[in-house]
1. Please work out the FRET efficiency for the pair A:His62 and A:Ala3, using the Cβ-Cβ distance as r and a Förster radius of 25 Å; give the result to the nearest 0.05.
2. Note down the nm distance, to one decimal, between modelled labels 7 Å out along Cα→Cβ at A:Ala70 and at A:Glu31.
3. Between B:Gln81 and A:Val176, with labels modelled 7 Å along Cα→Cβ, what's the label distance in nm to one decimal, could you check?
4. In chain B, which whole DSSP H runs stretch at least 15 Å along their own axis (Cα) and average 0.0 or higher on the Kyte-Doolittle scale?
5. What FRET efficiency comes out for the pair A:Asp109/A:Lys129, r = Cβ-Cβ distance, R0 = 30 Å, nearest 0.05?
6. Assign one of three labels to region B:21-86, namely rounded, prolate or oblate, based on the Cα gyration tensor with a ≥ b ≥ c the square roots of its eigenvalues; rounded applies when a/c is under 1.5, prolate when it is not and a/b is larger than b/c, and oblate otherwise.
7. To the nearest 20 debye, what charge dipole does region B:22-73 have about its Cα centre, counting +1 at the Cβ of each Lys and Arg and -1 at the Cβ of each Asp and Glu?
8. Taking every residue in B:58-64, how many Cβ atoms of other protein chains lie within 10 Å of its Cβ, on average?
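Bear in mind that the values in this text are calculations on the coordinates, not laboratory data. Note that the structure is predicted; figures quoted are calculated from it, not measured. Note that we place each Cβ from the backbone using ideal geometry, even for glycine, and neighbour counts take in every protein chain shown.
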Amino acid sequence: MQAAARQEAELIRRIVAGEKELFHELIRPYERMVYVTIFSIVKNESEAEDGAQEAVISAYRHLGSFRAEAKFSTWLTTIAINEGRKRLRKAKAAAESSIEEEIEEKEGDYTPAPLTDWREIPLEAVERKELRVALRQAVANLPDIYRQVFTLRDLEEFNIEETAEALGLNPGVVKVRLHRARILLQKQLVPYLKTMAPARKGFFRRGL
Amino acid sequence: MKLDCKHVWEHISEYIDGSVGAQLREEIQRHLEHCEICSAILDSTRNILILTADDRTFELPVGFSERLHERLAKEIEKSTQRPNNE
């Protein structure tokens, strides 16, 4: 176990043993994750915030049932996902529409869009605010099943197995959905990217 | 064997994640050296992922953390007063 994980395990042990106030400290690094995860399901800021509070309270109440051999982040994400789904069901029931079935979309074009007049997106471009706004919109436009996988893997930076576990999917399905989500985003964002000036090659490689 | 562009696109996500096999990886790399289109697609996709992971892209509502901890503090207070009554 790594030092950070050991520290976290110790924190959990102390909270369960009675030092309840420490839960504030335990949850702090994960607040964002809980919110973003629920937002990816409900797509509404105030619903996501209420849901995040509920999920955190629920995690607090049930911390005693957390198994030490599990990963706290995965456990917490599962709670967040359940909370998000519960809220989505309620919202959909209120709108008198049926719950969307989680089926793979067989049709659809999952080929990326070419960028002909361009070498590499410069750092300044990635820093631009409108590109961030466009990305948020593009992510919101993704089909639900793709957005949820994308959010955990690329926003929260879970690995494939953790994403699969949290969503109750098998890793193969996660990979397919992730691929499609990434390609769909690339296609949607190309209009914002292709007008950028060329920059040094290899400047912005992501070490994955 | 020479890869065509379409084949590269099919593996782009796994290539970014470093989860393609060694041989395929090498073939894709060879293809990328000569193919501007695929290089641009790969780089743009990769940069989208960098932007996604940037905390400024998906921001929390203002005051989110304060409200969360306030609510949590109340819950903790409640539970410590009545430890057997959750």
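1. Between A:His62 and A:Ala3 the formula returns 0.45.
2. 2.4 nm
3. About 5.3 nm, to one decimal.
4. On the way: long enough: B:22-34 (19 Å, -1.46); B:36-53 (26 Å, 0.97); B:64-81 (26 Å, -1.28).
What comes out of the filter, once short or polar helices are dropped, is B:36-53.
5. The formula returns an efficiency of 0.55 here.
6. Here region B:21-86 falls in the oblate category.
7. Values: 6 positive and 10 negative charges, 37 e Å.
Computed about the Cα centre, the dipole is about 180 debye.
8. 6
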